[in-house]
Amino acid sequence: MKKFCSKPFENIAVHADGSVWMCCHDWLSTPIGNLNDSSFEDIWNGEVAKSIRRSIIDQSFSYCDSSQCPALASDSLPMVTEASLEKWEKAIAPGSDSEKHPSPKSISLTYDATCNLKCPSCRSDYIIFDRKQRAQVKKIHDALFEFSLKDLERIHMTGYGDPFSSAVFRDFLRTVSREKFPSLRIALMTNALLLTPKMWESMPGAHRLIDSIHVSVDGCSEATYSLNRGGDFSLLLENLEFVASIRRSLTIRHFEISFVVQQNNFREMPDFVQLGERLNCDKVLFQRIINWGTYTPDDFKLREVHEETHPDHQEFKQLLSSEIFASPVVDLTNLSNFRDAGS
């Protein structure tokens, strides 16, 4: 049996500069090409893409950051037999016909970073694209949907920005329908401050396609939420209740809330689990903080409570030993090892 990650075989993410990736760039930091320089077909079946796939098959995972990738950090990748890898191995063999490799099943739409918040863990200021930038986003968007739909089953919208802040993504959600994309399912990643009943009603065709809503929060009190997100905590709670009502009606199949753990919020982690349970979330997800270039090294060092050298690390590790984190809704992802060590 071998560990297997399907992302390099089935997944792409496209950024605003046209670069194409097979995973989150913090977890797998090598792009496979750029749409401004090459066709998507050449990128998807190129040597860089094949080399990344080989690293999965040979079990080296040499392109992956095992400390950042939640699946590698928590040792939760699925196990597969040698025989099940044969079709992928043939597709990346020297001299193989590129047509043997199917087109992506999953696309992460990360090419519009527009957002209504400026969370310090993500960016140093608001990002609102001007007309020229929106035109570039639309060009990338239209190009993707010209040639990537043959095997497309899932869209992740969006890993960087908010789908309801983006004019391109809002328009897509307001015009998409099951008649156009019968096999497609959409997973929304949002801060939820714009996900009001009125916004939801403006995209009726998407209701039957959206099956998952992930809300990033990073705090469980007004003060901490304001510090880490800069948003209206009362409005957030109101909109979370609305999303919970959509989940109860079975309009969507999965509702999760997430929390980037750092020094200023880790003591609120138990309260966050309780919030998720009250909302009947399918998952309450925790992740360690990453420096996306918004912090100085010294400032980031003060925040990374998961590091053993941090003065609050022992308190953090002791907190994770609490029984509340054994709740079936909790997913500690790349923090799992600290609970294992503390229990």
*asked:* Considering only residues that are outside any strand (DSSP E or B) and of a type outside the set (V, I, T), which ones fall in the stretch 180-196?
replied: K180, F181, P182, S183, L184, N191, A192, L193, L194, L195
*For the stretch 268-279, does any single residue satisfy the condition of being touching a His at 6+ places or on another chain (Cβ under 9 Å) and on the phi < 0 side of the Ramachandran plot?*
no
*Only one of D211, D218 is surrounded by fewer than 17 Cβ atoms within 10 Å (Cβ to Cβ) and either in contact with a Pro (Cβ under 9 Å, 6 or more places away or on another chain) or not aliphatic (A, V, I, L, M) (or both); which?*
D211
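Can you tell which of S19, S6 is at pLDDT 90 or above and surrounded by fewer than 19 Cβ atoms within 10 Å (Cβ to Cβ)? Outline the logic, then answer.
Details: S19 fails: surrounded by fewer than 19 Cβ atoms within 10 Å (Cβ to Cβ).
Step by step, each of S19, S6 is checked, and only S6 is at pLDDT 90 or above and surrounded by fewer than 19 Cβ atoms within 10 Å (Cβ to Cβ).
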*Out of (1) closer than 19 Å to P104 by Cβ; (2) modelled with pLDDT under 90, what's the single condition that is false for I52?*
(2)
*Residue count, the stretch 22-49 (criterion: in contact (Cβ under 8 Å) with a residue 40 or more places away in the chain and within 28 Å of G293 (Cα to Cα))*: 7
*asked:* Being touching an Asp or Glu at 6+ places or on another chain (Cβ under 7 Å) and either within 30 Å of F266 (Cβ to Cβ) or polar (S, T, N, Q) (or both) is the requirement here; does H214 meet it?
replied: yes
*Of the conditions (1) part of a helix (DSSP H, G or I); (2) under 20 Å from F164 (Cβ atoms); (3) out of contact with any Gly (no Cβ under 6 Å at 6 or more places or on another chain), T251 fails just one. Which one is it?*
(1)
*Could you say whether any residue in the stretch 153-168 is touching a Phe, Trp or Tyr at 6+ places or on another chain (Cβ under 8 Å) and exposed (fewer than 14 other Cβ atoms within 10 Å of the Cβ)?*
no
_Condition first: surrounded by fewer than 15 Cβ atoms within 10 Å (Cβ to Cβ) and free of Cβ contacts under 8 Å to residues at least 40 places away in the same chain. Now tell me which residues in the stretch 238-280 satisfy that._
E238, E241, S245, R248, S249, L250, R278, N280
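The values are calculated or read from the model by the stated rules, or taken from the named source; none is laboratory data. Computed from a predicted structure; not experimentally measured. Backbone-built Cβ (ideal geometry, glycine too); neighbour counts: all protein chains shown.
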